[in-house]
Amino acid sequence: MFQDFAVDFRIEYDGSERAERDVVLAYDGKTALCSVSDGELRLPRICDFDRTISAVHAFRAGGERFLLSLGEKPEAEGFEYQDIDRIKTVSPGLRQFAAVTGYHYYRFHMENRFCGKCGGKTVHRPEKRCMICTRCGNEIFPKISPAVVVGVTDDRTDSIILTKYAGGSYRKYALVAGFAEMGETAEQAARREVMEETGIEITELKYFGSQPWGFSQNMLIGFFAKAKGSRRIVMDQEELSEAKWVRRDELEAKENSISLTNEMIWAFKCGKV
Ligand SMILES: [Zn+2]
């Protein structure tokens, strides 16, 4: 998963002077300032801009410091604004993780320019990682939505349930997934989502791992579980276009992908689960 490349990730605020080699995360709408060649992602550094840009500390990882640009769409020679989804197609690595996590921080800033309590204008307080209302003092912190991903397996047929979403642009196979609702534990959300999407009851729910997913401001929580009772899938036709059992030896997955979902499919394919 891409966060595995972010060695020594530290989100704590660092107000020290910016350095020429600091990496700049800059966005405009759904695009990120970057360059991609041979599947490798490059991000600009302070020294790549020909003027002083407005940027705040975002995080440190892999021995580098990453800043978030909050100014007017800065331009840097050799880099261009590219669709954020393009980041999904580059080689997994620290820069991929940084670009996606920076996008989460950028969206937080852009979507909270006004106070939800009083409608007043807010200002960014990077040292507290919040937006603060200039009228009533309300503090707004980044939204992180918990969502579950569930690998439902069947010992009898040595299979796992793969799904395809009905809406959106994502067309690859995925696992059962959905958001935790108010009042639910992650485990309850997992049981409910599997029942809603496939009609299958599960047992032996086991935590696998988690993943920050800045594309959509989520925290993904992965579980494996075994099917209990009938294995007949009754698919939720509004959410999914396909849901089926796939045998372990027929699974297609690759190692070192960006996502938790792929990591889980890979783990099952390799017999680790
Ligand atoms: Zn306010």
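The values are calculated or read from the model by the stated rules, or taken from the named source; none is laboratory data. Every value quoted in this text rests on a predicted model; they were computed, and no experiment measured them. For neighbour counting, all protein chains shown are included, and Cβ atoms are generated from backbone atoms with ideal geometry for every residue, glycine included.
Some values worked out for this structure:
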| quantity | calculated |
| --- | --- |
| Residue in segment 100-122 that is touching a residue at least 24 places away in the same chain (Cβ under 8 Å), in the same structural domain as Leu70 (by TED's automatic domain parsing) and closer than 17 Å to Gly39 by Cβ present | yes |
| Residue in segment 138-158 that is closer than 30 Å to Ala55 by Cβ, within 16 Å of the ligand (Cβ to nearest atom) and not in a strand (DSSP E or B) present | yes |
| Unique match (being surrounded by fewer than 16 Cβ atoms within 10 Å (Cβ to Cβ), at positive phi and within 16 Å of the ligand (Cβ to nearest atom)) among Gly183, Gly119, Gly168, Gly78 | Gly119 |
| Matching option when the condition is in contact with a strand residue (DSSP E or B) (Cβ under 7 Å, 6 or more places away or on another chain) and without any contact (Cβ under 8 Å) to a residue 60 or more places away in the chain, among Cys34, Cys130 | Cys130 |
| Near pairs, Cβ below 9 angstrom, 6+ apart or cross-chain, from segment 81-95 (basic (Lys, Arg)) to any residue that is assigned to a helix (DSSP H, G or I) | Lys88/Gln96; Lys88/Val100; Arg95/Phe5; Arg95/Ile87 |
| Some residue of segment 190-208 being assigned to a helix (DSSP H, G or I), at negative phi and either touching a Ser or Thr at 6+ places or on another chain (Cβ under 9 Å) or hydroxyl-bearing (Ser, Thr, Tyr) (or both) | yes |
| Condition met for Ala98 (more than 16 Å from the ligand (Cβ to nearest atom), at pLDDT 95 or above and within 19 Å of Trp213 (Cα to Cα)) | yes |
| Every residue from segment 38-80 that is assigned to a strand (DSSP E or B) and of a type in the set (A, V, I, L, M) | Leu41, Ala55, Val56, Ala58, Ala61, Leu67, Leu68 |
